[in-house]
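Q: Here you go, one structure.
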Amino acid sequence: MTMSISAHNKSISAKEKDTAWLEQLNYSFSRLCKSVPDALIATIARFSIAAVFWKSGQTKIEGMSIDIVSWNFTLGWPRLSDSVIPLFKDEYSLPIIPAGVAALMAAWAEHLFPFFIIIGLATRISSLMLLGMTLIIQIFVYPDAYPTHGVWAVALLFLIAHGPGKLSIDYWISK
């Protein structure tokens, strides 16, 4: 009887050794993941989400084009493009808000808030405004686009919860 108990203890000990290295690997990997600075995540989130909304805003206007990725600049007085009001009237068709007003509001919001997010000024409020816009788009315009809107929401929620990071005007103001 003593022999089988001893053999059983050795097998438990071997199982514990087998899982110990896996637990250590998991712990080390978790520590490595947690060492990614919030400032890096916030900066990537800021530039990524701002680009999405800025590029969308650029499709709504004529007379001014600023694309920092392709270095394409056309400076002039911006105005709503001819196609944007029919787009808001026919495809987007928001309840309550007239198409012309909605188009103008969207064009302004998609330029103003991304600009603030890029420079890191009023980042949380700007992110909250774009999150509201995302919810409106999801609910009223493109309800089947939840995977895309979910990604936008994650970036915006991170900025709302954690702020813009150290590379921002908000950070320097708070110091």
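Q: 5 Å is the cut-off here: which amide hydrogens, built 1.01 Å from N in the peptide plane, fall below it relative to L121, excluding neighbours closer than 5 in sequence?
A: I169, D170
Q: Need one number: nm distance between label points at F140 and S65, each 7 Å from Cα along Cα→Cβ, rounded to one decimal.
A: For F140 paired with S65, the spin-label model returns 3.0 nm.
Q: If I take R0 = 22 Å and measure r between the Cβ atoms of K166 and F115 in this structure, what FRET efficiency does the formula 1/(1 + (r/R0)^6) give, to the nearest 0.05?
A: E between K166 and F115, to the nearest 0.05, is 0.65.
Q: Let me ask another. Taking volume of the Cα convex hull per residue in Å³ straight from the coordinates, which label in [x] 220; [y] 189; [z] 103 is the correct one?
A: [y]
Q: Shifting gears a bit: Using amide H atoms built 1.01 Å from N in the peptide plane, name the residues 5+ places from I61, or on other chains, whose amide H lies under 5 Å from its own.
A: Counting only residues 5 or more places away or on other chains, the set is S81.
Q: Through the Karplus equation 6.51 cos²θ - 1.76 cosθ + 1.60, θ set to phi - 60°, convert the phi angles of segment 153-158 into ³J(HN,Hα) values in whole Hz; use x for Gly and Pro.
A: Calculated HN-Hα couplings, in order: 4, 4, 4, 5, 5, 4 Hz.
Q: Residue farthest toward the positive end of the dipole of the chain, with Cβ of Lys/Arg at +1 and Asp/Glu at -1: which of I68, P98, S81?
A: I68
Q: Can you list the HN-Hα couplings for segment 38-48, worked out from phi with the Karplus curve (6.51, -1.76, 1.60; θ = phi - 60°), rounded to whole Hz and with x for Gly and Pro?
A: 4, 4, 5, 4, 5, 5, 5, 4, 4, 5, 5
Q: Counting other beta carbons within 10 Å of each Cβ, put T123, T43, T59 in order, fewest first. Before the final figure, lay out each step's value.
A: Values: T123 27, T43 17, T59 13.
Fewest to most other Cβ atoms nearby, the residues stand as T59, T43, T123.
Q: Still on this structure, I have one more. What aspartates and glutamates does K60 reach when the alpha-carbon gap must be under 16 Å and sequence neighbours fewer than 8 apart in one chain are set aside?
A: Once the sequence-local aspartates and glutamates are set aside, what remains near K60 is D82, D90, E91, E110.
Q: Which distance in Å, rounded to a whole number, links the C-alpha centroids of segment 46-95 and segment 97-171?
A: Each part's Cα centre sits 14 Å from the other's.
Q: Here is a further query. Neighbouring Cβ atoms within 10 Å as the yardstick, rank E110, E62 fewest first.
A: Values: E110 23, E62 17.
Lowest count first: E62, E110.
Q: Just how large is the dipole of segment 23-175 about the Cα centre, in debye to the nearest 20, putting +1 at every Lys and Arg Cβ and -1 at every Asp and Glu Cβ? Show your work: numbers first, answer last.
A: Working: 10 positive and 10 negative charges, 105 e Å.
Once rounded to the nearest 20, the dipole reads 500 debye.
Q: Work out, step by step, the length gained on full extension between L157 and Y27: first 0.36 nm times the residue separation, then minus their alpha carbon distance; give nm to one decimal.
A: Numbers: separation 130, 0.36 × 130 = 46.80 nm, distance 2.70 nm.
The L157-Y27 span can extend by a further 44.1 nm.
Bear in mind that the values in this text are calculations on the coordinates, not laboratory data. All values derive from a computational prediction rather than experimental measurement. Cβ: placed from backbone, ideal geometry, glycine included. Neighbour counts: every protein chain shown.
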